[in-house]
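The values are calculated or read from the model by the stated rules, or taken from the named source; none is laboratory data. This structure is a prediction, so every number in the text was calculated from the model and none was measured. Every residue, glycine as well, gets a Cβ built from its backbone with ideal geometry; the counts of neighbours run over all protein chains shown. All accessible areas refer to the heavy atoms of the entire protein, side chains included, with ligands and DNA or RNA removed. Shrake-Rupley method; radii C 1.70, N 1.55, O 1.52, S 1.80 Å.
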Amino acid sequence: MSKIFKYSKNFYVLFTLFFIIWMVFIDSNDIVSQFKLGSKLKELKNQKEFYLERKEKIKADREELMSNYELLEKFARERYYMKKKTEDLYVVVEE
């Protein structure tokens, strides 16, 4: 018990304890914030991988569309409802 009182009066021990408590719990870069930022970083890395894969797929689809005129025409008709001048276009919406 006397050892605790002996160390509790030492300025360096008190300052070190205060500093550790400050850095772990009070500071803006505390442990809880670091864990949250780490999980956010992991989530963003997963999203990055997803979007890079999607980007590659879109590039491949674009190359295929630009090389095949019939596929490009089919894509334009289905996606953007384009038509030839002599055609009529009817859009059926299912409820």
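In this structure, S39 does satisfy being of a type in the set (S, T, Y), open to solvent by less than 90 Å² (accessible area, probe 1.4 Å), at pLDDT 95 or above and assigned to a helix (DSSP H, G or I).
Cβ-Cβ contacts under 8 Å between residues 6 or more apart (or on different chains), taken from a first residue in the range 81-95 that is more than 19 Å from E70 (Cβ to Cβ) to a second residue that is open to solvent by 100 Å² or more (accessible area, probe 1.4 Å) and in a loop (DSSP other than H, G, I, E, B), are listed as V91/Y81.
The number of residues in the range 65-95 that are open to solvent by 100 Å² or more (accessible area, probe 1.4 Å) and at negative phi comes to 18.
Across the range 10-26, what is the total count of residues that are surrounded by 11 or more Cβ atoms within 10 Å (Cβ to Cβ) and of a type in the set (S, T, Y)? The qualifying residues number 1.
Pick from the range 45-63 the residues that are among the acidic types (D, E) and open to solvent by 100 Å² or more (accessible area, probe 1.4 Å): which of them is farthest from L89 (Cα to Cα)? Please lay out each step first, then the result.
Quick first cut of the range 45-63, residues among the acidic types (D, E) only: 49, 53, 56, 61, 63.
Next, only the ones that are open to solvent by 100 Å² or more (accessible area, probe 1.4 Å) stay: 49, 53, 56, 63.
Numbers: E49: 40, E53: 35, E56: 33, E63: 28 Å.
My answer is E49.
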